[in-house]
Every structure is written in C-alpha cells, then in structure tokens.
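The values are calculated or read from the model by the stated rules, or taken from the named source; none is laboratory data. On a predicted model such as this, the values are computed, not experimentally measured, just so you know. FYI the Cβ positions are ideal-geometry reconstructions off the backbone, even for glycines, and counts take in every protein chain you see. With ligands, DNA and RNA removed, areas are computed over all heavy atoms of the protein, side chains included. Shrake-Rupley method; radii C 1.70, N 1.55, O 1.52, S 1.80 Å.
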Amino acid sequence: MRVEKGINRPQPISITVNGVSQQVYPGETLATVLFSAGLQCFNQNRFEQRRAPLCNMGTCFECLVSVKRSDNDRPQRLRACMTDVEEGMVVEAGEGFSITPPLGDRS
Amino acid sequence: MPRYDVVIVGAGVIGCACAYYLARAGVRVAVLDRNQVNSGASGRNAGSLHFQLEYRLIQNQDLLDRQLPFLLPLTLAGIEQWRSLPEELGVDIGLKMTGGLMVAETPKQIALLRKKSEIETRCGLNVEWLSGDEARQLQPGLSQSVQAALFCPDEGHCNPRLLTPAYARQAEAAGAKFLEPCEVVDLARTGGKWLVRCRLVNGGAEETIQAESVVNASGAWASELALKANLHLPLFPVALMMSVTEAAPKVLKYLVQHVGRKLSLKQVSDGNILVGGGWSAKLQTSAKQGAGKPEIRLDNLQKNLAAACDVLPAVRDLNLIRTWTGITGITLDHLPVIGQFAEAPGFYVAAGGSGFTYGPTYAKLLSEYILTNRQPELLKPYSPDRFSDLNMFMGQ
Ligand SMILES: Cc1cc2nc3c(=O)[nH]c(=O)nc-3n(C[C@H](O)[C@H](O)[C@H](O)COP(=O)(O)OP(=O)(O)OC[C@H]3O[C@@H](n4cnc5c(N)ncnc54)[C@H](O)[C@@H]3O)c2cc1C
Ligand code: FES
C-alpha cells in the first residue's frame, strides 16, 4: 500500500522478491518495499526466531535480507532499511531466510 | 574530612583489581573515577591474553636484554592468575585460554618468527613451531598465505565488559568504596598525608579526601594526574580501533595474531569475530591531551579488515556490525610504569604496557608493594625511577 494522492513518483522499476516480480520506485528502501508487499517477518536468526526491522536506521541489524544485484551475482546479506532498490535486484526474505552466515571453507 | 588508607584514581582494570587485592587485605580503600567503572580502555580493548613476546621487544635488543630475566616469571604469574580468576571472582568473565597462534605470511616474517621462537624457547616460554599446513590443521580456515605459526597453549581471551566490573563488585564486597563520577582535580602531600581534592562531576561540589597513599590508575591520563601531584610521567595517549562482525558459526578456536602485520582475531562465545591489532584512530587535539572521543580512521579500518580477510578468508562473508575506539597509554620504552615515585613517597602508579593481559598481575604486585612497603622483585624493570631525571625539580 502506498499513498497515491498528491504524490508524483518516478517511473517504477522491477525487482524480484522471493521469486515474484514487484514494481517499486527508485528512492525506496528494501524495507519499505518488503513492508508494502505485506512481509512482517524479514528473516530468521540463528535461534530460529522470526525477526523484523526494529530501528529502521541501520543499527540493529534485525532487517537483514539476502540481495543479489543480478541473477548470477553472489548473494549478500544486507540491511533492508539501508539498501535502496535497484532495477533487477533479486531479494530473498521472510521466515524462510536464515541469516546465519555461510562460513564455508574459503582458505 | 573522609580518611582512607589508599585512594585509587581510575576505575579501570588496574584500579578495580588493586582495590580488590587491597580491600581483601583489610585496607580502607576508595576508588575515584571521573566517568564510570570500566569506561576507559579496560572496557574497550580487544580482550586478548597474549603471552608471546611482543613485536617491539624482538626488534629492540637492549630492551629485550633488560627484560628477559623478568619475562618468564611475570608471564607464568600472569597465566596462573588468569586460570584461577573465574573461580576467585565467582562470576563468568568469558575467559577462554585455549591457545593462541602468531602467524607469518612472508619469508621476512618467518625469519622474525624464528628469532622470536628462539628467544622464547631460551627463556622458557611454552611455544610450538608450526608449518603453514600444521597451522591450518590446528585452525581450519586459516588462509593458504599463512606459511608458519607459533602456537602458545596458554593464550586466549577474556570479555573486557565483564572482567573489571567483576573485580569492582568483589572489591566493594570486601569493603572498598567507589566514588563515581568524581574527578580528581588536585593532589598534595602535607604532614606525611596525601590530600586528594576531587569534584563530583554531576553535582559540582568539591571535597578533600585524606589518604596515606594514592594509586595513579588513570590509564592513558596518568601523566595528567601525575602532574597534579607535581610529577612528570612520560606516558602518552594513543587511540586505537576495534571492530566486531555479526555472529557466525564457530570457526575460530584460537586467538590469532600476526608477527608482521597489525592484526588480532578471536571469536567470542556468541559467535561474533573481534578484529583488532592496534590500528590507530585519530586523537582529538582541540581538547585536553587525550580527552574527547577519537575519530575512526576509515583508511586504517580498511587495512585492518584486509589483514583479517587475508589471514581468515571466511571473514569476507561477514557483516561488520560495529567499530569503536579506545585510548590507552604508552611509554617511550613501551614498558609499563609500575611502582612508587622516589620524589613523592606514597604516590604509586600502574599504567601502560599490555594492561589487559597483565592488568590483574600488575595490580596484584602493586598491592603487595603497598601492603609490605617493599618493591616486589618482578616490578624492578618497571619502576617510575627510570624517569627520575625528569623529576629532578619536581616532587613533593
Ligand atoms: C582498542 C584497544 C585494544 C586493546 N587491546 C588490548 C589487548 O587485547 N590486550 C591487552 O593486554 N591490552 C589491550 N589494550 C590495552 C589495555 O586496554 C589497557 O592497557 C588497560 O585497559 C589499561 O587499564 P587501566 O585500568 O590502566 O586504564 P583505563 O581502563 O583506561 O582506566 C582509567 C580510568 O581513569 C579514569 N581517570 C582518568 N583521569 C582521572 C581523574 N583525573 N580523575 C578521576 N578519574 C580519572 C578514567 O575515567 C578511566 O576510567 C587495548 C587498548 C585499547 C584502547
Ligand atoms: S531495522 Fe535496524 S538495522 Fe535495519
């Protein structure tokens, strides 16, 4: 849901959230977009607890989501509240997304 | 006028531990801090317990020769004291003494590590030489670039947020009085007693406290406090940075340090990886010396993180969640200053050096000095007397 009355927005761009394409507007953060898509839980922490944005200003790290800038990019775990949408972003978020870092052997 | 046997200025690890060892022996102690318990370097440091020789000692033969006879007994005393601390303090202090690695990546660093290992073995320190592969076997995840490492089984880490408050609580339980926030503004000795003038930081009221002895435990600000007692103490503030990543699955079993680059790495029980190693922040110069919050230096932060990623590549996948700064004090010879000033009887100091690793030991030895009025053998190399030329026209 977005306020429409009296607001002029730029041309929408599209990103993919959990496999579904979404029309979003430049200047919006991922947190805004995920909330407006109806998501309440953004991730599961390492204790398998459901988490959602708390501070909306970059300090609590409760809003981590998985972001790829393009389909074959390496996924990064970014703070949704600090990340602006970009055309073609592929985002994984919600209960199915565990933020536990994948500490594989990279030696 | 309130009267105490000993007034301790500074409620960091040194001040609080001193208060504990003295109060336990029945001494009437007051601890004053212009901030809060543990608000200085003691609550902001890396928490590394490093018992291997420091880089600067290997580089300076003269310094090393002077130190060598004291090094092993001091180190062994430190190790033994740490092992008994959780039980003695009766609370969790996040202590892990599972061992520490010092790694080398280049031929030059390997040569330095060799030299270090020879000196350490000669003076009886427990270190083991590992090839790169052996190091990776011991600590999986270390980079291929690691070509050799020295392992010291007694090294580790402790939570700086827990250690000093634990000492403070035990000191209080033993009868020590804590006054904070309370700034010492003047120190004078008359009729064989010390008069400590201090000001409650919030209320603004000034008060004079009488003491037989004063302990200068004010960390990076120790020279400022010494001057209030009309003494020069050449100890300089340096601002350092520390960083922490998000919590990650357990990868690091050991403290990891570097022989040729500024780096320390450890993983705490919650899973976060602490990254430090002595990269400097920018000290504020406008305010009083060493006062004010240092500024993070992004260039140095990047170099610190690059060193971390080079040695433990898994760090590259982690989010950095916080970087902070702390101010610690160093002397010209990098040794701590511990003892009594000949020019000012009853004025003691303990500052500088690796004050977290050795803070409990410095404090215990200094308390012994105060209780017996005899300088413990182990403190000989650290006496403030080595700066007495500076105090020829000073003192009480
Ligand atoms: C970022 C960083 C990382 C470090 N890492 C390590 C490490 O891994 N291992 C290690 O061994 N060491 C480490 N150190 C060094 C170590 O933290 C210090 O040596 C040690 O904490 C010093 O303890 P202290 O009690 O002397 O000083 P502090 O903890 O700084 O306490 C001094 C106190 O004195 C108070 N004070 C000062 N002047 C006055 C006054 N006039 N009146 C009243 N109060 C006053 C201050 O408010 C402060 O609370 C590190 C230091 C820093 C900054
Ligand atoms: S909501 Fe707190 S960091 Fe994003």
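Couple of notes before you dig in:
- For segment B:46-73, filtering for residues that are in contact with a Gly (Cβ under 6 Å, 6 or more places away or on another chain), under 30 Å from B:Asn272 (Cα atoms) and not in a strand (DSSP E or B) leaves 1.
- Hey, B:Trp129 assigned to a strand (DSSP E or B), under 30 Å from B:Ser223 (Cβ atoms) and among the aromatic types (Phe, Trp, Tyr) or not: no
- The residue list B:Ala77, B:Ala25, B:Ala17 contains one member that is buried (at least 19 other Cβ atoms within 10 Å of the Cβ) and among the small types (Gly, Ala, Ser), which is B:Ala17.
- Checking A:Leu64, A:Leu30, A:Leu34 one by one, the residue that is open to solvent by less than 30 Å² (accessible area, probe 1.4 Å), within 11 Å of the chain's Cα centre (by Cα) and within 12 Å of chain B (Cβ to nearest Cβ) is A:Leu64 and no other.
- Residue in segment B:41-51 that is at pLDDT below 95 and buried (at least 24 other Cβ atoms within 10 Å of the Cβ) present: yes
- Residue within segment B:261-272 that is away from ligand 1 (no atom under 15 Å from the Cβ), within 14 Å of chain A (Cβ to nearest Cβ), open to solvent by 50 Å² or more (accessible area, probe 1.4 Å) and not in a loop (DSSP other than H, G, I, E, B) present: no
- Residue match in segment B:139-149 (condition: of a type outside the set (Gly, Ala, Ser) and away from every other protein chain (no Cβ under 14 Å)): no
- Set side by side, the residues B:Lys228, B:Lys193 differ, and just one is within 27 Å of the chain's Cα centre (by Cα), of a type outside the set (Val, Ile, Thr), over 30 Å from B:Leu318 (Cβ atoms) and open to solvent by 40 Å² or more (accessible area, probe 1.4 Å), which is B:Lys228.
- Residues in segment B:300-342 that are closer than 21 Å to B:Lys282 by Cα and facing chain A (nearest Cβ under 10 Å): B:Ile321, B:Arg322.
- Qualifying residue in segment A:40-61 (condition: within 12 Å of the chain's Cα centre (by Cα), open to solvent by 50 Å² or more (accessible area, probe 1.4 Å) and either more than 12 Å from ligand 2 (Cβ to nearest atom) or over 20 Å from B:Arg322 (Cβ atoms) (or both)): yes
- Output for segment B:334-354, where each listed residue is within 11 Å of ligand 1 (Cβ to nearest atom) and modelled with pLDDT under 95: B:Pro336, B:Gly352, B:Gly353, B:Ser354
- Meets criteria (more than 14 Å from ligand 2 (Cβ to nearest atom), surrounded by fewer than 15 Cβ atoms within 10 Å (Cβ to Cβ) and either within 14 Å of chain B (Cβ to nearest Cβ) or closer than 30 Å to B:Asp310 by Cβ (or both)) for A:Arg74: yes
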